[in-house]
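The next block holds one structure in the form of structure tokens; read it before the comments.
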Amino acid sequence: MNCTSCKQGTLIEGLLEDCITVNTCNHCHGHWILIENYVKGKQQSPDLQNLNLKNTAETYFDVDDSKTALLCPISGRIMQKFRITHDSAHRLDYSASVGGVWLDSGEWEYLKAEGLAGSLNTILTNHWQKSVREDQARATFDELYRSKFGGESYNKIQEVRQWLEQHPCEDELKAFLMAQDPYSAER
Ligand SMILES: [Zn+2]
């Protein structure tokens, strides 16, 4: 099987973390993993259960993330890109028809450091991808408000909002705030 990422290497079968059957490129060192093998390896190895524990030690490694569309090494079709988290630029390339995922060199180590190496199959679900999009939207709004209001005012309005939301007179307080003149009977 030829590497569709660097187009120069061959994918050689081996073991990742001593339990997951993968095909690793002998040139760019990326991994091609069938989700079936990933799940099987995860079930067989108790060590892998611990992979979701976030590595708190500072880790440095080179990640070589492919920005362009990749072709599935088996079907030859364009693979889909899946975001890992909303604040990570990394994308996993997934071939849905084959059920295989491509990890660029260093991406497995990145997943481990982020405490997500035990969640590879979860990242590829609609549910995960939906929450990544929601987190992204939230972060975009947050940034927008912060730049529009200024940090100090934004922090203050957030506090007020939180206080309002848990106040038993929430509606009346809002009406008071919005009224032209809350001391007038006229509206
Ligand atoms: Zn390669």
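The values are calculated or read from the model by the stated rules, or taken from the named source; none is laboratory data. Owing to the predicted nature of the structure, the values given are computational and were not obtained by experimental measurement. When we count neighbours, we look across all protein chains shown, and the Cβ atoms used for this are built from the backbone with ideal geometry, even at glycine.
General observations
- Number of the exception - Gln129 against (1) within 23 Å of Leu16 (Cα to Cα); (2) of a type outside the set (A, V, I, L, M, F, W, C); (3) in contact (Cβ under 8 Å) with a residue 12 or more places away in the chain: (1)
- Long-range neighbours under 8 Å by Cβ, at least six apart or interchain, first residue in the same structural domain as Asp93 (by TED's automatic domain parsing) and closer than 22 Å to Ala96 by Cβ within segment 110-122, second hydroxyl-bearing (Ser, Thr, Tyr) and part of a loop (DSSP other than H, G, I, E, B): Leu116/Thr85
- Of all residues in segment 150-164, those that are in the same structural domain as Lys174 (by TED's automatic domain parsing) have Cβ atoms under 6 Å from Cβ atoms of residues that are surrounded by 11 or more Cβ atoms within 10 Å (Cβ to Cβ), 6 or more apart or on another chain, in Tyr154/Tyr145; Tyr154/Arg146; Leu164/Glu170; Leu164/Leu173.
- Residue that is farthest from the chain's Cα centre (by Cα), among those in segment 1-42 that are farther than 23 Å from Ala96 by Cβ and small (Gly, Ala, Ser): Gly9
- Scanning segment 70-79 for residues that are in contact with a Lys or Arg (Cβ under 9 Å, 6 or more places away or on another chain) and either among the acidic types (Asp, Glu) or surrounded by fewer than 19 Cβ atoms within 10 Å (Cβ to Cβ) (or both) returns a single hit, Leu71.
- Candidates Trp102, Trp108 - the one that is surrounded by 12 or more Cβ atoms within 10 Å (Cβ to Cβ), touching an Asp or Glu at 6+ places or on another chain (Cβ under 9 Å) and at pLDDT below 95: Trp108
- Positions within segment 3-25 being within 14 Å of the ligand (Cβ to nearest atom), surrounded by 12 or more Cβ atoms within 10 Å (Cβ to Cβ) and polar (S, T, N, Q), in sequence order: Thr4, Ser5, Thr10, Asn23, Thr24
Results for (1) of a type outside the set (Ser, Thr, Tyr); (2) under 24 Å from Asn2 (Cβ atoms); (3) at pLDDT 90 or above; (4) loosely packed, with under 15 Cβ neighbours inside 10 Å, shown as yes or no for each residue.
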position	(1), (2), (3), (4)
His29	yes, yes, yes, no
Leu48	yes, no, no, no
Leu51	yes, no, no, no
Leu124	yes, yes, yes, no
Asp142	yes, no, yes, yes
